[in-house]
Each structure stands twice: as structure tokens, then as C-alpha cells.
Ligand SMILES: [Zn+2]
């Protein structure tokens, strides 16, 4: 549905009249790609995947260069569940994706008994640490998905709220927008690419749609 892509473009425009930068109030067409951006994010959608017609403003920021620069860096990625984002955005609850359960092997005791047959054929019972839980008595389950948590930091009288995803801190509204893209595209999770060489930016891909999201400093 191409109409959804037009909707997403307009989700990323500033919506605020900036008398110095009126050009970024509207999406911009360049080289067959339509871009929308604000101070924190950039979205790029191929022209042929959109319904509306967009014009070209020569004063428009060179967002394609910013994207290409970031894409040229060595990157890692984390996957974030749409459902986890939904929970944190609505602050319904904090998701803890690391849970401990009692070890079934040793029934939580941390110890197991095993048999050793000596050279004469005699059987000896030996007690030792459970090899499944390393003697802890419980097993830590680790999810393949990143931990998402609404967090805040106070500095003087100001309190900044942000969404922390495995140490990457996002402006809640920017995560809301990324979430909306993933949701409308029917994704179960969003893969977020980040780079140690550029600790300010992240990127995600939805088919031919590219979204760059800046991190915030807290
Ligand atoms: Zn055990």
C-alpha cells in the first residue's frame, strides 16, 4: 500500500514552522528518492513506492550524503521487538527479557551425582557441580532480542526521558516514529544498526525504505 509510505514520510517532517529552514517542512525529491527529516531523524523512500508527487528544493539538506557516510562505516546491529517497543512507549510496564528459572537438571540444588567406573569395574558415586547450571541451581535465559527500557536522567531541575535499547539512548518520540514504520510494515521486530565509529547515529531498513535515527546524549 503506497499510501502508507506517504503517511510515513509526513510523520518524519518537522511539522513546526522554522523560519530559517522552511525547506525541511516538506519531503524532498532527489535522484528518485524522497526524503523527510527533522533534527533527529531521516527517512528515505523511493519515489516509485509513493502515491503523491514531491518537488525538489535545491536548498534541501544533503541527507543522502549523511546516509551514505553512515552506511560506509563498520556497523553492528541489534533487534528490537515491536511488542517491546509498544510496551515501553506506552509505559505499560518494563520488560525484563532476562529471567531466571530453577535448573531442571539438578532440581535447583546445584549439585549432581554421577557414576565413575574404575579399572576393576567398581562403580563409584561422585558428587559435583551441575554441568547445566554450573552449580548455580538456576538457569539464566537470555533473549535474542534487545532489552528496551524507558529511562530518565535528572540534571538540575530538568528531567530527560529516553528509551534505552541495550545502551543506545533514543528520544521517545523518535522511537515512536521508528515503531510506527515497523508497525505499518507488519514487522515483528526492527533491526537497528549502529557503529562505534559514529556513536550518534543508527539506521534501520524496511524493504527499500531507510530510516536514520540520531541518538541523544544523556
Ligand atoms: Zn543445575
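Any read-out appearing in this document is the output of simple, stated calculations on the displayed coordinates, not a laboratory observation. Just so it is clear, the structure is predicted and the values come from calculations on it, not from any experiment. Here Cβ is always computed from backbone atoms with ideal geometry, including for glycine, and neighbour counts include all displayed protein chains.
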Packing-wise, with mean Cβ within 10 Å as the measure, how do 118-125, 73-80, 175-182, 21-28 rank, highest first? 175-182, 21-28, 73-80, 118-125
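Order the peptides 129-135, 34-40, 166-172, 4-10 from the highest to the lowest mean number of other Cβ atoms within 10 Å of their residues. Write out the running numbers ahead of the final one.
Values: 129-135: 15.0, 34-40: 20.4, 166-172: 16.7, 4-10: 18.3.
Result, highest mean first: 34-40, 4-10, 166-172, 129-135.
Return the calculated 222 nm mean residue ellipticity for the chain, to the nearest 500 deg cm²/dmol, obtained by summing -39500 (n - 2.57) across DSSP H runs with n ≥ 4 and dividing by the residue count. Mind dumping the intermediate values first?
Numbers: 4 runs with 40 residues, N = 218.
Here the helix-only value at 222 nm equals -5500 deg cm²/dmol.
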Only counting other Cβ atoms within 10 Å, I'd like 191, 127 sorted with the fewest neighbours first. 127, 191
In degrees between 0 and 90, to the nearest 10, how far off the longest principal axis of the chain does helix 2-11 point, with axes built from Cα atoms? 90 degrees
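Work out, step by step, the length gained on full extension between residue 68 and residue 83: first 0.36 nm times the residue separation, then minus their alpha carbon distance; give nm to one decimal. Could you put the intermediate results ahead of the total?
Numbers: separation 15, 0.36 × 15 = 5.40 nm, distance 3.00 nm.
Result for the pair: 2.4 nm of gain on full extension.
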Pop the C-beta distance of residue 184 and residue 25 into the FRET formula with R0 = 25 Å and round what comes out to the nearest 0.05. 0.65
If I stretch the segment between residue 166 and residue 55 completely, what's the gain in nm (0.36 nm per residue apart, minus their alpha carbon distance), one decimal? 36.1 nm
Potential extension, residue 173-residue 155 segment - 0.36 nm per residue separation minus Cα distance: 4.5 nm
